[in-house]
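Since the structure comes first, as structure tokens, the remarks are kept for the end.
The values are calculated or read from the model by the stated rules, or taken from the named source; none is laboratory data. This is a predicted model, so every value here is computed, not measured. Here the Cβ positions follow ideal geometry from the backbone for every residue, glycine too, while neighbour counts run over all protein chains shown. All accessible areas refer to the heavy atoms of the entire protein, side chains included, with ligands and DNA or RNA removed. Shrake-Rupley method; radii C 1.70, N 1.55, O 1.52, S 1.80 Å.
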Amino acid sequence: MITAGIDMGSRSIKVILLEELKVDGAPQLKYGVKKAHIMMPGDLDQDVAADKAYDEALASAGLKREDVKAVFATGAGRKQVSFAAEGITEMTAGAKGANFMYPQGRTVVDVGAEEGRGMKTDAEGRAVDFAGNEKCAAGAGSFAEAMSRALQMSLKEFGDASLKSDKTIPMNAQCTVFAESEVVSLIHSATPKNDIAKAVLDAVASRVCAMVRRVGIEGEVVLIGGMVHNAGFVQSLKTAMGVDQISLPDMPEYISALGCAMIAAERQH
Amino acid sequence: MIANYGYKDGSGEYYISIDTDKCIGCAAERACLTACPKQMFEIITDDYDDEVAWIKKPNCRTLSYDCADCKPSGGYTSLPCMTACTPGAIKHSW
Ligand code: SF4
Ligand code: SF4
């Protein structure tokens, strides 16, 4: 059986085509990813973009729509996926996907482009406690990206630069607009770029950590979402959370789409 | 599930948490809906097909202002939402 999970993020659409396998006694081999596909919708309307992303994923997997038993959608724009049988919140989908990758993981931190959130999960991958920040985008990737642009660096270079700094420069502003002006004044005062990068990523990590602390840090910590690719942020988050290790899945931006496809499969039984 | 709705900003941490397990078959006949003068609560069907309360999206960004009338600066002893929700599902972080 094949199911699809579509994660309608604010910047990109992620599609997972999942095949349910029958391997007795090996639950981790219960599913295989047939295709992982990402599309940047650009100026397209979300409903048109969802159709296009899904068709592209099917075509590259050599499948047709009728080969897929159920399509579920998640993410902020999930209601725009008109062909999805059900919409699932990002908390439920992310917790499920993270639990599949790391069955011992109980604290899941999801940091995408526009939103960050913390979740506590049970052994089945059900979110039992979650907190986000409905007001502030400074605890998410797009803020770090905007700041990296101000320093004329890619987000990757920004993360690597931050790792070269051992300075702690607190950023007091809670709002992206004011934080941006703090960064501008650091640039004007000739603060080394590495230190500015670390200050920004520390600030994002501290905001994310505040959400995670609301639900409590317990067991193995798993980070999902695009910010996993930013080594500087991962280091800042470890420090802010006071943990030695954070589990980082492969293809972290697909974890919510994966969880969504898994839930779609489970609900067919 | 404990669902925390709200935000942290420069002035503090403002979250309302709802223990949604207590909303399933609510023993208070959904009293939160009428008790809140700002009508911030709403019943939704969650991902597990259970009918539970949540805070309406726009209010999640303005909680400190929305709840100000119920929380005078001189202090308060009870809140309408928490008093009405006899199962004890609602908590405020501030
Ligand atoms: S918040 Fe309280 S009153 Fe409202 S539905 Fe849940 S248990 Fe019932
Ligand atoms: S404190 Fe008052 S305004 Fe705030 S949620 Fe409770 S009843 Fe509503």
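Miscellaneous remarks
- Peptide B:6-18 is shielded by partner chain Cβ atoms: per residue, an average of 5 of them sit within 10 Å of its Cβ.
- When the solvent-accessible area of chain A is split by element, carbon and sulfur atoms take up 51 percent of it, the probe being 1.4 Å.
- If only the Cβ of Lys and Arg carry +1 and only the Cβ of Asp and Glu carry -1, the dipole of the protein assembly as shown around its Cα centre is close to 500 debye.
- Here the Karplus relation 6.51 cos²θ - 1.76 cosθ + 1.60, evaluated at θ = phi - 60°, turns the backbone of the stretch A:90-98 into coupling constants of 4, 5, 5, 5, x, 5, 5, x, 5 Hz, with x for every Gly and Pro.
- Length-normalised contact order for the stretch A:214-264 - Cα pairs under 8 Å, 6+ apart - percent: 44
- What a 1.4 Å probe finds exposed on chain B is 52% carbon and sulfur by accessible area, rounded to a whole percent.
- The shape of the protein assembly as shown comes out oblate: with a ≥ b ≥ c from the C-alpha gyration tensor, a/c is at least 1.5 while a/b does not beat b/c.
- Relative to the dominant Cα principal axis of chain A, helix A:141-150 is inclined by about 40°.
- Calculated from backbone phi, Karplus (6.51, -1.76, 1.60) coupling profile of the stretch B:54-71 in Hz, x at Gly/Pro: 9, 9, 4, 3, x, 5, 4, 9, 9, 4, 5, 7, 4, 8, 4, 5, 7, 10
- The antiparallel fraction among DSSP beta bridges confined to chain A stands at about 65%.
- Relative contact order, whole percent, for the stretch B:2-92 stands at 36, derived from Cα pairs under 8 Å and 6 or more residues apart.
- Taking 23 Å as the straight-line reach from the Cα of A:Lys193, the lysines in range (excluding those fewer than 8 positions away in the same chain) are A:Lys156, A:Lys164, A:Lys167, A:Lys238.
- About its Cα centre, the dipole of the stretch B:2-92 is roughly 420 debye, where the only charges are +1 on Lys and Arg Cβ and -1 on Asp and Glu Cβ.
- Note that the stretch B:2-92 presents 51 Å² accessible area per residue, ligands and nucleic acids not counted, probe 1.4 Å.
- The Kirkwood hydrodynamic radius of the stretch A:111-248, based on inverse pair distances between different Cα atoms, is 15.0 Å.
- Heavy atoms of chains B and A lose about 1900 Å² of accessible surface on contact, summed over both sides with a 1.4 Å probe.
- Debye log10 I(q)/I(0) for the stretch B:32-94, one point scatterer per Cα, at q = 0.12, 0.15 Å⁻¹: -0.31, -0.49
- C-alpha long axis of helix A:46-61 to longest principal axis of chain A, angle in °: 60
- Other residues with beta-carbon under 13 Å from the beta-carbon of B:Asp50 carry, at +1 per Lys or Arg and -1 per Asp or Glu, a net charge of -4.
- Residues with amide H under 5 Å from that of A:Ser247, placed H, sequence gap 5 or more: A:Val221, A:Val222, A:Leu223
- Residue-wise HN-Hα couplings along the stretch B:29-43, as the Karplus relation 6.51 cos²θ - 1.76 cosθ + 1.60 with θ = phi - 60° gives them from phi, are 6, 6, 5, 4, 4, 9, 6, 6, x, 9, 6, 7, 8, 8, 9 Hz; Gly and Pro carry x.
- Percentage relative contact order, chain A, counting C-alpha pairs under 8 Å, at least six apart: 24
- Of A:Gly125, A:Gly25, A:Gly159, the residue with the greatest mean-square motion in the GNM of chain A, using alpha carbon springs below 10 Å, is A:Gly25.
- Size-normalised alpha-carbon gyration radius of the stretch A:180-269, reference 2.2 N^0.38 Å: 1.38
- Counting Cβ atoms of other protein chains within 10 Å of each Cβ in A:82-90 and taking the mean gives 1.
- Inter-chain Cβ neighbour average for residues A:121-134, partner chain, 10 Å: 5
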